[in-house]
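This report concerns only the one structure given below.
The numbers here are math on the coordinates, done by the rules we state, and not lab data. Being a predicted model, the structure only gives us computed values, none of them experimental. No Cβ is skipped: glycine too gets one built from the backbone with ideal geometry, and neighbour counts run over all protein chains shown.
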Amino acid sequence: MLTRPIRSGIYEPRVIRPPDAPRSSCIDITLPPPATRNHRASTSNTPTAVSSAQGAGSLTSSQLSPHQTVISLPNVPFQRPAYLEHSSLKHLLQTEFPPILPPGRYGHDVGTLDDDQNSRDFTLPIPRRRRTPLIESDDEGPFTPPRDLPPIVSTYPTSSIPLSPVLRLPTRWSDQDRHLSLLVSPDGRELTFVGISCIGDKDAAAARVNHSIPAACGIYYFEVGIVNKGQKGQISIGFSGPDVRLSRLPGWEKNSWGYHGDDGFSFSAEKMGSPYGPTYSTGDVIGCGIDFSQHRAFYTKNGDLLGSVFDNIGKDSELYPSVGLRHQNESVRINLGHDPFLYDIEDHVNQQRSHVWSMIQGRAVSPSVITRIANSHALAPHPDPSSSVSDTSEESTRHQDQSGKRMKGVIDGLVFDYLVHHGYVGAARAFYTQMRRSTPDRGPGSRVDAYSLDARSNIVKSLIAGDVDSALNDTTSTFPAVLEREQGLMLFKLRCRKFVELMLIAADALKRTRGEYIDGRPRRAPAAAPTEPAQISLANALTYGQKLELEYKNDTRPEIATYLKRAFSVVAYEDPLNVPGEVGEIAGQKSRNILAMEMNEAILEVLGKPTQPVLEYVYRQTGACLVQLGLMGVGSAVFADPTKEFFE
Amino acid sequence: MPQKVPIRKEEWERRLHEVQVTKNDLNRLIMDYLVIEGYKVSAEEFSQEAGLTPPVDFESIEGRMNIREALQRGDVEDAITRVNDLNPEILDTNPALYFRLQQQKLIEYIRQGRIAEALQFAQEELAPRGQENPEFLPELENTMALLAFESSKSAPESISSLLSPNQRMKTAGEVNAAILESFSQGKESKLVALLKLLCWGESMLEERADFPKVEFGEGPSRR
């Protein structure tokens, strides 16, 4: 079955011809390519050679000239197939194609990054000081630390072992891991039997692809087009472990599985096999998938699902897509995501993902987790009075009701803790009142004024508004310890911010005197010499800045120097707020918000409170478990993606 | 049983650290909870303070809460009227929910000792529905058993619990969920979904690894 006509004359050998190159200058290569052309494209990166073949069914002309072993296309790098986007660990799954950044909200790519320095536009999963963005809500994107600001405190020792390794996806047939009777085409996709046909029913010639399948795919899928079924079509398509003999068909040996073309049987480490699907032959495209969330496999034929097969596959050993052939001229072409698939694998994966999610959501929240949250530091002083009651209840229905009620109380506490933590005063008060009304006998005690909510919130609000003086005064009178901690680091930061604010005032004054504003709107006017108010505010700012510099220039802490340098970078611009890039950011609202959040945490720390709300810990613990499970090969975990389920 | 993989504390803390989440994300989880649980005033305040656009208009939260309160004080008739005012399709398309409300009404009659009315109501309203939908019959029989025991203390728990406030909450919860669903809102808050995910994740990992279960109030330290 051909999905597109052969372009050139029927018996004409294929030709290397970049699609855009003028025909006249094109050198036709009709002989086996020299060794230099035979190298792997992972390094050659030849975008002009992007496959002219479309679809897995696009068989090449070798189908029509089986003796022709000259293969044209060089190995072409390809993007991670779209169906893998359903895995929460997709960013770790890589082909040799340079990753494109950043496609999604968390488009990051672990493997190519080593530190914060080159990562302004996408998030790093690498340890950083900040875990949440300090922006209030204006920004969907994750927070990235400013470029020149090294982490203030080196929080974690850097480990030499990467925590989240890059997981290589298969991209071609292996040049080494194949039976000698098999020839791999230079593009790495076609496999042809060139030796002497196997006789009897013992021998065969198998090949594996270049990388094993990462279980973190959740589901992995590839398609194999039968270019030439040879005389008998004794072809096996499936999987095998790294140590399975290459002189056997997949499915005959332990740790290998296969679906055979001549009889349609499926083989799972057995000689006899069992009836499974239709036979297949020249022109057919056989799809082959493995589902790590169920440890089952499935096949498709020409885009139609044949059904689930094999139990416990992929549990114990890593597996490779593998094909076995037995007779001369048998030839197959693999599609590992090079071309669009015939089968709607994306939909298949999506369904399995929802299935896993419903399975998880069908479970009850365990009492022990409820208890852990109820006992968490922030909520601990107010034990839930009902917590002991539910344990003594004999009736299960009652027990359920009780624990449902208890859970509501605990979640209410979680929400309240969050509102208080971040200083959402109005919401916290309203919530407290409403919470008491709906469940009067439980929930946290009267703690609206715990955590110095009002005072803290005022300071935070002042900083967000750019009013450093008020914040500084309030902090001095209410939380003096905040200014003293870490040898006055917070005080220093506040003063730097004060300097930036003064510069902004000066810039604003300059704009006004130049008449750039009329009723708040910019006007096109000839620049005039700065007049007095502008000069005065500029002088003010500079005086403050000089004092600041004088005072801290002997401080040897590296973060002090960096911070100071950053603050002074705004001096170079008349209108720092509108400078694109870093300076604009230093001057702008984002920096105010960051400082406000640091201040909030510093106050909480001084008060002896956790520096993060319980909810954030809960979320992180959940996320960490899922990533760990995914890396350990638990396929269902990569389909349980909180980001996708909650935030998209 | 394969041996469990040990995960060191520092390693786990880095893992926690790497989890991608923003304050805006968490704000949205909170907002979702406030809306679904019907904390209207809090939702309004929060939306203002956090600069979040609420996912629904606040009036619909209020409507939902009035229905819940009506059920919690035992005024089933008022609740039914209000549900129909909000969206008549909710009860039309959901016979099980309508049955649940009628059952609650019967319970309230019995609670108030209006036995004659209870009997009449059961025969005229509930029994025909039970015939149409046999799956309702066990519930109906259970409820009718209340009449047999009346206020005696010897009733089995499964029957006497129908008179408990929890039964009202349960009915109110089901109605709330149905209304949310009719607005194509999730019926369970994302916070609950998160806790379920946490339970599943930790229990799966427990089978395979020894890892620190952080106390949520302490968590990873900053330095």
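Structure notes:
- Mean separation of Cα contacts under 8 Å (6+ apart) over length of the range B:63-183, as relative contact order %: 33
- More than 19 angstrom apart: percent of Cα pairs within the range A:575-626: 53
- Sorting A:467-474, A:612-619 by their mean Cβ neighbour count within 10 Å, with the most densely packed peptide first, gives A:612-619, A:467-474.
- Given A:LYS90/A:LYS644; A:LYS405/B:LYS170; B:LYS105/B:LYS170; A:LYS565/A:LYS609; A:LYS90/A:LYS301; A:LYS254/B:LYS4, the pairs whose alpha carbons are separated by over 22 Å: A:LYS565/A:LYS609; A:LYS90/A:LYS301; A:LYS254/B:LYS4
- Modelled spin-label separation between A:ASP469 and A:LEU305, with each label point placed 7 Å from Cα along the Cα-to-Cβ direction: 6.9 nm.
- What the Cβ-Cβ distance of A:GLN535 and B:GLN48 gives, at R0 = 41 Å and to the nearest 0.05, is a FRET efficiency of 0.55.
- Dipole-positive endmost among B:SER160, B:LEU119, B:PHE183 within the range B:63-183 (Cβ charges, Cα centre): B:SER160
- This model, with +1 at the C-beta of Lys and Arg and -1 at the C-beta of Asp and Glu, gives the range B:63-183 a dipole about its Cα centre of some 460 debye.
- Between the range A:545-599 and the range B:13-81, the Cα center-to-center distance that results, in Å: 39
- Full extension of the segment from A:ALA561 to A:ARG168, taken as 0.36 nm per residue of separation minus the current Cα-Cα distance, would add 137.3 nm.
- Nonlocal amide H pairs with A:TYR343, under 5 Å, H built at 1.01 Å: A:GLY303
- Degrees between helix B:137-149 axis and first principal axis of chain B (Cα, 0 to 90, nearest 10): 70
- Taking the longest Cα principal axis of chain B as reference, the axis of helix B:76-86 is set at about 60 degrees.
- Dimensions (Å) - the range B:63-183, Cα atoms, principal axes, largest first: 43, 29, 23
- Karplus-derived HN-Hα couplings along the range A:323-333 (A = 6.51, B = -1.76, C = 1.60, θ = phi - 60°), whole Hz, x at Gly and Pro: 9, x, 10, 9, 10, 4, 6, 4, 8, 10, 10
- Each label point was placed 7 Å from the Cα along the Cα-to-Cβ direction; for B:GLU135 and A:GLU551 their separation is 7.2 nm.
- From phi via Karplus (6.51, -1.76, 1.60), per-residue ³J(HN,Hα) for the range A:565-577 in Hz, x at Gly/Pro: 4, 4, 4, 6, 5, 6, 4, 5, 10, 5, 10, x, 4
- Residues listed by number, the range A:244-286, amide nitrogen under 19 Å from A:GLU318 label point at 7 Å toward C-beta: A:244-246, A:255-257
- In order through the range A:367-375: 3J(HN,Hα) via Karplus (6.51 cos²θ - 1.76 cosθ + 1.60), integer Hz, x for Gly, Pro: x, 5, 5, 4, 5, 4, 5, 4, 8
- Size-normalised alpha-carbon gyration radius of the range A:454-606, reference 2.2 N^0.38 Å: 1.11
- Distant-in-sequence amide contacts of B:ASP210, defined by a placed amide H-H separation under 5 Å and a gap of 5 or more residues or a different chain, comprise B:VAL5, B:ILE7.
- Inter-label distance, nm, simple model (7 Å from Cα along the C-beta direction), A:ASP203/A:ARG363: 5.2
- When the inverse distances between all different Cα atoms of chain B are averaged and flipped, the Kirkwood radius reads 21.0 angstrom.
- Potential lengthening of the chain between A:GLU85 and A:ASN350 amounts to 94.4 nm, from the contour at 0.36 nm per residue minus the alpha-carbon distance.
- Full extension of the chain between A:ASP508 and A:GLN176 yields a length gain of 112.7 nm, computed as 0.36 nm times the residue separation minus the alpha carbon distance.
- Cβ charges +1 (Lys, Arg) and -1 (Asp, Glu), total dipole of the range A:454-606, debye: 420
- Under 5 Å from the amide H of A:ARG80 lie the amide H atoms of A:THR95, each residue being 5 or more positions distant or on a separate chain, with H modelled from the backbone and absent for Pro and chain starts.
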